[in-house]
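Here the structure is laid out as structure tokens; the discussion comes afterwards.
The values are calculated or read from the model by the stated rules, or taken from the named source; none is laboratory data. Computed from a predicted model, the values in this text were never measured in an experiment. Glycine also receives a Cβ, built like all others from the backbone with ideal geometry; neighbour counts cover every protein chain displayed. Surface accessibility is based on the protein's heavy atoms, side chains included, excluding ligands, DNA and RNA. Shrake-Rupley method; radii C 1.70, N 1.55, O 1.52, S 1.80 Å.
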There are 2 protein chains.
Amino acid sequence: MGGAASIKDVARAAGVSVGTVSNVINRPETVGEGTRARVRAAIEQLGYVRDESARQLRSGSSRIIGLLVLDLGNPFFVSLARGAEQAARAAGLGVMVCNSAQQLADEADYLALFAEQRVRGVLLTPADAEGSGAAALRRSGVPFVLVDRLAAGLEACSVSVDDVGGGALAAGHLLESGHRRIAFAGGRHRLQQVADRRRGALQALAGRDAVLLDLEVDGLDVAAGRDAGARLLGMSPRPTAAFCANDLLALGMLQAAFAAGLRVPEDLAIVGYDDIEFAAAAAVPLTSVRQPAEAMGRTAAEMLAEETGPGGAAHRHRQVVFEPELVVRRSTSVVPLPG
Amino acid sequence: MGGAASIKDVARAAGVSVGTVSNVINRPETVGEGTRARVRAAIEQLGYVRDESARQLRSGSSRIIGLLVLDLGNPFFVSLARGAEQAARAAGLGVMVCNSAQQLADEADYLALFAEQRVRGVLLTPADAEGSGAAALRRSGVPFVLVDRLAAGLEACSVSVDDVGGGALAAGHLLESGHRRIAFAGGRHRLQQVADRRRGALQALAGRDAVLLDLEVDGLDVAAGRDAGARLLGMSPRPTAAFCANDLLALGMLQAAFAAGLRVPEDLAIVGYDDIEFAAAAAVPLTSVRQPAEAMGRTAAEMLAEETGPGGAAHRHRQVVFEPELVVRRSTSVVPLPG
DNA sequence: CCGTCGGGATGAAACGATTCAGATCGTGGG
DNA sequence: CCCACGATCTGAATCGTTTCATCCCGACGG
């Protein structure tokens, strides 16, 4: 193997011109039967694989889309990525998954990488509320879909969930269960999703003689949840329930509660957010607000494929908003549920 | 923006030749100070971004590596990917993460995608024991590193963990804790990692008057663990301990045990494998066999960068084997550990 | 027998960057 | 005053593919 075989080698081996080989690959119906077979045999025999960079250079369009998620360590985003990958494959596209880890600098780096690669488009879960990533994309003219965040105005498509409504669902459920002192693990986080969930909770509690106590966190992972849980245990009077901005925090808090000998939900009720698989699998299954992660990823990829595919000129930006759904499990219900 | 600006546009705007622009970008020290500034200004002003596909076509080498993992739903592989991404970035490379979901067909599809993209190299966690993926890579001449699997012979670099040793650690620990009837959730799985862990367990139990009972699973996730747990509960006499091929299975089994009212570890001791973050965060923290996932990913990417970088001709394939480490937690220790 | 038609095949231009052999120019040594 | 030299810059060739204007040729209608 002295370097991969090119289309020229195939042409020579099959005794035809390069144009014909290209036709066999891209428009086989325009090529005579015998020639087609000969070319196919040559391709097979030489192990020829089309060089995508040359194709892209000439045709001007790439076959991969970039997906930049906030945190690959969160199964919610993994599900989202899986959905996107699935839809992309159905559209003949590949996905390049990258992890911004909520760092603006990393986000910018990866967007630059995507720009150099001339990706077909980008699915972005923005790392800040201001939308600097989206602004950069718009400036460079790369089509993009905002994921897990509503696009302001009509600048782009977006796929999101009603986080305010989700927060209200969670807080409303705790309220109905009799709780009046409720902690919110997430505090005044700079992520808009967290702020919206908090706002929804406040709305649900307004005028109901109940109070929401902010627990600041310095991350949205299990360790931060443990830490927040430890702080919650020190509060007095202690909240009787906690609403966590995501399930990772909730799992950490659950662990902190167990470590301190508290019973869940009797001594502390816990509601998470996302309904990741591990929420149901926890020893005390977590009540959580479900987001349709896979559907979100799938929808986003489909919209991008539509926008950047043939006929994309007629594309109108759309905002798809999914409704969250409360899934009640043991962590908030003293009386065991059926099943 | 009528299409992105090319190097030619920059050259025109700066009043120099394209060669000079290229030099400003790639060998700035060879260009006069004034010219350099003028070109830089033009680049800035036009928002020029180098087209990677053209660069790659001419230079022949890509700046991205492909990473194909068995299961992105398993945090172990997410950590591994994170480590790889980190090392790749340090080497100026991008990573394209894909998920074979243990399906040979998907593995082949993604490897074909990588081949078309002419990726710099591939990090592969093989989906079968026979190594058909590796064979395909060798045939197409793409450099690759086997991850989480020892490379037979000297065909390639590999980064793996001593799974036989890890299995022995887990079983040995259960043996020391007094268990004699031990279930193995994983059964005779086609994945080599699972088979090796089972073999290690058998070795540890050999001649010790203990028995290993296979529990077949049709997946390596939480749901499969729940299922295996349900079956375990029906066995009689019931095993007093279970060794699970990974932590997801263990978490599922833990949940099944709780659902049936069993106490862990008093009625059933459980050992997992991988030591993912959720293992420690479970309500009954899981004893597990730790694998250094991030270090594995990092090492693999570094080896690939070395092999495919300048001076790669002198590269000799190496097999790096990490040692697993037993992490004992509540799920196997009746007497609570300090801390 | 001629003109046309159309299926099949051809060959060269074009995409955007890199690279390298040369051109240009100011300078200092001889 | 001439020449070699280094520093700088130029222009064209090149990478592998797609695309399109042509060309070839046998068949068919007139």
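Scanning segment A:9-22 for residues that are near DNA strand C (Cβ under 10 Å from one of its atoms) and open to solvent by 50 Å² or more (accessible area, probe 1.4 Å) yields A:Gly15, A:Ser17, A:Val18. Checked against (1) farther than 26 Å from B:Pro75 by Cβ; (2) touching a residue at least 60 places away in the same chain (Cβ under 8 Å); (3) charged (D, E, K, R), B:Asp209 passes all but condition (2).
Picking from residues in segment B:41-50 that are touching an Asp or Glu at 6+ places or on another chain (Cβ under 9 Å) and within 14 Å of chain A (Cβ to nearest Cβ), the one that is farthest from DNA strand C (Cβ to nearest atom) is B:Leu46. Going by the conditions given, is B:Glu29 more than 11 Å from chain A (Cβ to nearest Cβ), over 40 Å from the mean Cα position of the chain (by Cα) and either away from DNA strand C (no atom under 11 Å from the Cβ) or not basic (Lys, Arg) (or both)? Yes: the conditions hold for B:Glu29. Per the conditions (1) away from DNA strand C (no atom under 11 Å from the Cβ); (2) at pLDDT 95 or above; (3) open to solvent by 40 Å² or more (accessible area, probe 1.4 Å); (4) facing chain A (nearest Cβ under 10 Å), the sole criterion not satisfied by B:Arg38 is (4). Restricting attention to segment B:95-119, the residues that are assigned to a helix (DSSP H, G or I) and small (Gly, Ala, Ser) total 4. Within segment A:253-267, the set of residues being within 14 Å of A:Ala228 (Cβ to Cβ) and either within 32 Å of the chain's Cα centre (by Cα) or within 11 Å of chain B (Cβ to nearest Cβ) (or both) comprises A:Met253, A:Leu254, A:Gln255, A:Ala256, A:Ala257, A:Ala259. Taking segment A:60-108 as the range and being more than 23 Å from B:Leu111 (Cα to Cα), within 11 Å of chain B (Cβ to nearest Cβ) and surrounded by fewer than 16 Cβ atoms within 10 Å (Cβ to Cβ) as the test, only A:Gly60 passes. Among the residues of segment B:265-314, the ones that are free of Cβ contacts under 8 Å to residues at least 60 places away in the same chain and farther than 18 Å from B:Ala90 by Cβ come to 16 in all. Quick check on segment B:166-180. Is at least one of its residues basic (Lys, Arg) and within 27 Å of B:Arg82 (Cα to Cα)? No, every residue in segment B:166-180 fails to be basic (Lys, Arg) and within 27 Å of B:Arg82 (Cα to Cα). When the helices (runs of 4 or more DSSP H) confined to segment B:236-339 are screened for residues that are surrounded by fewer than 22 Cβ atoms within 10 Å (Cβ to Cβ) and of a type in the set (Asp, Glu), those reaching at least 1 such residues are found at B:277-281, B:293-308.
Applying the set (1) in the same structural domain as A:Leu70 (by TED's automatic domain parsing); (2) touching a strand residue (DSSP E or B) at 6+ places or on another chain (Cβ under 6 Å) to A:Arg316 leaves exactly one unmet item: (2). When restricted to residues that are assigned to a loop (DSSP other than H, G, I, E, B) and open to solvent by 70 Å² or more (accessible area, probe 1.4 Å), segment B:189-205 contains 1.
With respect to (1) more than 16 Å from DNA strand C (Cβ to nearest atom); (2) touching a helix residue (DSSP H, G or I) at 6+ places or on another chain (Cβ under 6 Å), the lone exception for A:Gln117 is condition (1). Where helices (runs of 4 or more DSSP H) fall entirely within segment A:1-94, those with at least 3 residues that are farther than 27 Å from B:Ala54 by Cβ, away from DNA strand D (no atom under 15 Å from the Cβ) and touching a residue at least 40 places away in the same chain (Cβ under 8 Å) are at A:75-90.
Selection of first residues in segment B:131-154 that are assigned by TED's automatic domain parsing to the domain that holds B:His317 and of second residues that are open to solvent by 60 Å² or more (accessible area, probe 1.4 Å) and modelled with pLDDT under 90, restricted to Cβ pairs under 6 Å at least 6 apart or on distinct chains, gives the following pairs, ordered by first then second residue: B:Gly141/A:Met1.
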